[in-house]
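Accompanying notes for the structure given below.
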Protein chains: 2
Amino acid sequence: MAKVYTIHDIAIRLNISKSTVSRALRNHPDVSKDTKAAVFEMAEKLNYQKNILASNLASKSTNLIGVVIPEIARQHFFAQALSGIQKVAKEKGYIVMVCQSNEELQEEINQVRALVNSRVAGLLISLSKETDTFGHLQEALDRDIPVVLFDRGTDQIEVSQVTVDDYKGAFDITNHLIHEGYDNLAHLSGPMSLSISQKRYQGFIDALKSSGKNTAEAIVYQCDNLSLDACEAVDRLLSQKKKPDAVFCMSDYMAIQVIKHLKDRGIKIPEDMAVAGFAGDPITELMDPQISTVEQPAYDIGVQAAKRLIMEAESDDRETLGFINRVLPTAIIPRSSTVKKHSN
Amino acid sequence: MAKVYTIHDIAIRLNISKSTVSRALRNHPDVSKDTKAAVFEMAEKLNYQKNILASNLASKSTNLIGVVIPEIARQHFFAQALSGIQKVAKEKGYIVMVCQSNEELQEEINQVRALVNSRVAGLLISLSKETDTFGHLQEALDRDIPVVLFDRGTDQIEVSQVTVDDYKGAFDITNHLIHEGYDNLAHLSGPMSLSISQKRYQGFIDALKSSGKNTAEAIVYQCDNLSLDACEAVDRLLSQKKKPDAVFCMSDYMAIQVIKHLKDRGIKIPEDMAVAGFAGDPITELMDPQISTVEQPAYDIGVQAAKRLIMEAESDDRETLGFINRVLPTAIIPRSSTVKKHSN
DNA sequence: GTGAAAGCGCTAACAC
DNA sequence: GTGTTAGCGCTTTCAC
């Protein structure tokens, strides 16, 4: 096994003290140029690698960022956001630890605790659909570990948040459906525990209202399981006395499944029923028909959340730094799942 | 900020020594029942959380597992494998750090170095498509950090590997195409730097041979960029003098794109051209037509790789433990993208 | 600019 | 069983 060198080894060889080596390595201003040069050279020569554990223990701070997301699979959004987070983290010298809550509160709590225990410098979290209590986040905050929520936030706890304009996205896509001439709209919502479900629902409702539609008649079916209730939902839509002619799904994945089940039943899209999703997953463009969706700046959410987190983590006066609540814009992408041929 | 208690605090309050507290907390056999009980109670009361940094530094070992994968997004396979890894890690008390190489060797090297520097207990790696040098893995091994390769392996370096039977999967799906009556088969391969590309290619070729086909005529087009060359590939397939009637794509994502482009050109699937993928991504079942694919035990790969890694990490005689080369089975899933209606 | 010394919070001999 | 003593490899006062 290869010998692992320490600052001590460098110090001995250079006949200087450990502290000077330590300072030189960190580019501390009051180490002479020559000393630094010598230290770096020797470090290179020995292939010295700083022991981050020791460094962190001594400095009582780490270069770790903990990320907790509901799930990596199935949701391109999180993968994208993660890329943004990792880009920023890398730039600023942080390492990212990613955990999945699997949409379970208990898992989220466990992961946050484990991360806090690993003395992460900060926490980036997208809440699970079960999360309705925030003690675990408070624990982190009490330990002086900043928390930034991204995409799925809450107003139940005061932390910085970076989300997208779910409300406007839903409002706009619903409006798009109305303007395309669809008359009897349905919405497949997500669990109402999620802020994003609420906002998308509200956007849908308000768009109906603003067009003078009777919202009482609007068909809304709540899919608590974000990926598995589509079949049942389709059955319900089709069994309505006044069948909807368009359905806005709260996620792309839901839309994909809905389309499959509709097609299986011989229903033409968008002629018999239009279907729209939400998220801007690239797969929507590859489907047949291509699916109208609401694009989110996923990568950018990650970037901004990470930047903010690191700012808070490195600030020595978090009090006056305060919290931010950044809401990034969404944009609708109308495609053939909602736009009838020859209709334009 | 909430006070963070240490074993020292517990020791003082209980009037015993730090070491006893440390031992009790780790459930060391030779601490009396009563002492343990008292320690646990006090730990609970103070909401004591072990400082993992200090623990790891002192014990010269960590509870961290580093994972490096090409990309999380776009490939359900990795997300699934990751879940398997995380399940095992959790059971055994490890924390998982996930990094993406973005299919770039340099990034892979950087991530491995960073992970080694964080003193991970072991490394789980799925090689990037650029990886043709293995010094970074050797560095880890030299530091006594075990490495287990999963899915994308190599025979260039001696480490344990958990892969799937890519060869047989490709062989079987090609055979399936032949038995369905397709006569002129094409293969869209991945970059030949990847072991999986090679094996899938070889399986394809050998299946042709075993059916007495002329492999010299077989159309093989190599897509180095795993997700972007599909359009070009389709053009090339269609411009062949003897147009292929079936194409086996080395990945599901490739198949999805190929299907889209074929449809855009008015080609019927599978009547005019059959298309098969590889990976068993759940999305293949939701597409229209449903895509024939080769299922991989993604979750299980993660589980087995993680189990083996932890075994190696915890072994005190790695020499005699040796290496394993586990190859998990694949299974073809014939669907309508290759099975003509009324043909059965 | 550099060094000495103390200590981060824990583990691990070794003694009793 | 339990305590004592040394560290793990680094950072950080505080002198000089």
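The values are calculated or read from the model by the stated rules, or taken from the named source; none is laboratory data. Here the structure is a predicted model, which means the values were calculated and not measured. All Cβ positions, glycine included, derive from the backbone under ideal geometry; neighbour counts span all protein chains shown.
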Test: residue in the stretch A:1-11 that is more than 10 Å from every other protein chain (Cβ to nearest Cβ) and more than 10 Å from DNA strand D (Cβ to nearest atom): no
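Results for (1) assigned by TED's automatic domain parsing to the domain that holds A:Ala233; (2) surrounded by fewer than 24 Cβ atoms within 10 Å (Cβ to Cβ); (3) not polar (S, T, N, Q), shown as yes or no for each residue.
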residue	(1), (2), (3)
A:Leu286	yes, yes, yes
A:Gln290	yes, yes, no
A:Gln304	no, yes, no
A:Arg318	no, yes, yes
A:Phe323	no, yes, yes
A:Ser337	no, no, no
A:Lys340	no, yes, yes
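When you scan the stretch A:60-80, how many residues do you find that are farther than 15 Å from B:Ser118 by Cα and facing chain B (nearest Cβ under 10 Å)?
12
Any idea which residue in the stretch A:26-59 is farthest from the other protein chains (Cβ to nearest Cβ), counting only those that are within 9 Å of DNA strand D (Cβ to nearest atom) and more than 22 Å from B:Arg143 (Cα to Cα)? Walk me through it before giving the result.
Here is the first cut: in the stretch A:26-59, the ones within 9 Å of DNA strand D (Cβ to nearest atom) are A:26, A:28, A:30, A:48-59.
Among the residues that remain, those that are also more than 22 Å from B:Arg143 (Cα to Cα) are: A:26, A:28, A:30, A:58-59.
Values: A:Arg26: 15, A:His28: 20, A:Asp30: 26, A:Ala58: 9, A:Ser59: 10 Å.
This residue is A:Asp30.
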Residue in the stretch A:180-203 that is under 18 Å from B:Met287 (Cα atoms) and at pLDDT 95 or above present: no
Tally of residues being of a type in the set (Ser, Thr, Tyr), out of contact with any Gly (no Cβ under 8 Å at 6 or more places or on another chain) and at pLDDT below 95 across the stretch A:319-344: 1
Qualifying position, being in a loop (DSSP other than H, G, I, E, B), more than 23 Å from B:Val234 (Cα to Cα) and at pLDDT below 95, among B:Asp288, B:Asp316: B:Asp316
Failed condition for B:Lys263, given (1) at pLDDT below 95; (2) within 23 Å of B:Arg74 (Cβ to Cβ); (3) in a loop (DSSP other than H, G, I, E, B): (3)
Test: residue in the stretch A:160-176 that is more than 23 Å from A:Ala279 (Cα to Cα) and surrounded by 18 or more Cβ atoms within 10 Å (Cβ to Cβ): no
Which numbered condition B:Gly93 fails, given (1) at pLDDT below 90; (2) within 9 Å of chain A (Cβ to nearest Cβ): (2)
Index of the failed condition, B:Glu103 passing every other in (1) more than 8 Å from chain A (Cβ to nearest Cβ); (2) not in a loop (DSSP other than H, G, I, E, B): (2)
Filter result (touching a His at 6+ places or on another chain (Cβ under 7 Å), at pLDDT 90 or above and under 23 Å from B:Ser195 (Cβ atoms)) within the stretch B:220-246: B:Val220
Candidates A:Glu139, A:Glu104 - the one that is touching an Asp or Glu at 6+ places or on another chain (Cβ under 8 Å), assigned by TED's automatic domain parsing to the domain that holds A:Glu319 and more than 21 Å from A:Val294 (Cα to Cα): A:Glu104
Selection status of A:Asn117, without any contact (Cβ under 8 Å) to a residue 12 or more places away in the chain, within 14 Å of chain B (Cβ to nearest Cβ) and under 18 Å from A:Val68 (Cα atoms): yes
Yes/no for A:Ser83 being within 14 Å of DNA strand C (Cβ to nearest atom), of a type outside the set (Asp, Glu), under 30 Å from A:Ile301 (Cα atoms) and in contact (Cβ under 8 Å) with a residue 40 or more places away in the chain: no
Of residues in the stretch A:12-25 being among the hydroxyl-bearing types (Ser, Thr, Tyr) and surrounded by 15 or more Cβ atoms within 10 Å (Cβ to Cβ), the one farthest from the other protein chains (Cβ to nearest Cβ): A:Thr20
Residue within the stretch A:1-9 that is more than 12 Å from DNA strand C (Cβ to nearest atom) and either within 30 Å of B:Gln80 (Cβ to Cβ) or within 37 Å of the chain's Cα centre (by Cα) (or both) present: no
Given (1) outside the structural domain of B:Ala255 (by TED's automatic domain parsing); (2) out of contact with any Gly (no Cβ under 8 Å at 6 or more places or on another chain), number of the condition B:Ser193 does not satisfy: (1)
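Report, by residue number, each residue of the stretch A:253-274 that is touching a residue at least 40 places away in the same chain (Cβ under 8 Å), more than 24 Å from A:Thr163 (Cα to Cα) and within 13 Å of another protein chain (Cβ to nearest Cβ).
A:Val258, A:Ile259, A:Ile269 - these are the residues of the stretch A:253-274 that are touching a residue at least 40 places away in the same chain (Cβ under 8 Å), more than 24 Å from A:Thr163 (Cα to Cα) and within 13 Å of another protein chain (Cβ to nearest Cβ).
Would you check if A:Arg236 is buried (at least 23 other Cβ atoms within 10 Å of the Cβ) and either assigned to a loop (DSSP other than H, G, I, E, B) or basic (Lys, Arg) (or both)?
No, not satisfied.
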